[in-house]
Amino acid sequence: MRYVYPIRREKGNARNAVNKRGRELMKIEWEWTICLIFMTICVITDIRKKEIPVIVVALSGGCALLYTIILGEKEWSEILYSLLPGACLLFLGLCTKESIGYGDGLAAMAVGMWIGWKGCIIAMISGFLLSSICALALLICKKVRGKSRIPFLPFLAVGLGVFYVVGKGI
């Protein structure tokens with residue numbers, strides 16, 4: 001007959017697991033909070049002035065890069081991938097003679113640094129869909145003409161909200 005030794009549980013294991021999970025959630029919430037503050041400033045100026053403050057975008061991107069380097073959880077390839085959606089927007093702006101502004105591309109690059117390339121792509125696709133629906137509705141109601149410009153960043157912000165809700169499973 002074999003004797004089965006009882007499993008010893010160290011005190012605090014469950015508590016340490018809860019604390020670790022709490023720290024992970026807190027880190028994620030900080031990323032979203034900083035991204036939200038950045039997007040709010042950019043959306044307000046995009047709606048009011050039809051321009052995006054480059055200093056805010058640069059500050060947000062720099063903070064995201066420092067945050068990523070300090071934590072050291074992302075590989076350099078993943079950091080570069082997170083810049084690709086915004087770089088595509090910049091290239092689109094170049095090809096369309098700034099129908100999509102360079103500020104939108106730079107803001108998308110900063111957002112990609114905060115939430116990753118997959119989240120940025122989902123937010124951009126959602127933003128494109130919402131902006132096209134809004135533009136179509138404005139054209140049908142004859143509030144704008146074919147060459148009118150609407151700011152894209154508010155729709156990107158709503159796309160970020162969609163990604164946050166879908167990602168959290170709310």
Which whole-Hz couplings ³J(HN,Hα) result when phi for each residue of the range 69-86 is put into the Karplus expression 6.51 cos²θ - 1.76 cosθ + 1.60, θ = phi - 60°, listed in order with x for Gly and Pro?
5, 5, 6, x, 8, 10, 6, 5, 5, 5, 5, 5, 4, 5, 8, 4, x, x
Report the relative contact order of the range 46-146, percent, no decimals, based on alpha-carbon pairs under 8 angstrom and at least 6 residues apart.
26 percent
Can you compute 3J(HN,Hα) from phi for each residue in the range 120-129, using the Karplus curve 6.51 cos²θ - 1.76 cosθ + 1.60 with θ = phi - 60°, rounded to whole Hz and x for Gly and Pro?
5, 5, 4, 5, 5, 5, 4, x, 5, 4
Once phi is turned into θ = phi - 60°, what whole-Hz ³J(HN,Hα) does the Karplus curve with 6.51, -1.76 and 1.60 give for every residue of the range 105-113, x standing for Gly and Pro?
x, 5, 5, 5, 5, 5, 4, x, 5
Out-of-range pairs (alpha-carbon distance over 24 Å; input K97/K118; K50/K142; K49/K74):
K97/K118; K49/K74
Could you work out how much longer the chain between I47 and T33 gets when fully extended? Use 0.36 nm per residue separation minus the Cα distance between them, nm to one decimal.
2.9 nm
Trypsin sites (Lys or Arg not before Pro), restricted to the range 48-101: which are DSSP loop and have at most 12 other Cβ atoms within 10 Å?
K50, K97
Classify the range 24-112 from the C-alpha gyration tensor, please: rounded if a/c falls under 1.5, else prolate or oblate depending on whether a/b exceeds b/c.
oblate
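Coordinate-derived values only; no laboratory data. Just so we're clear, the structure is a prediction, and the values are computed from it rather than from any experiment. Ideal geometry is used to build each Cβ from the backbone, glycine not excepted, and the neighbour counts take in all protein chains shown.
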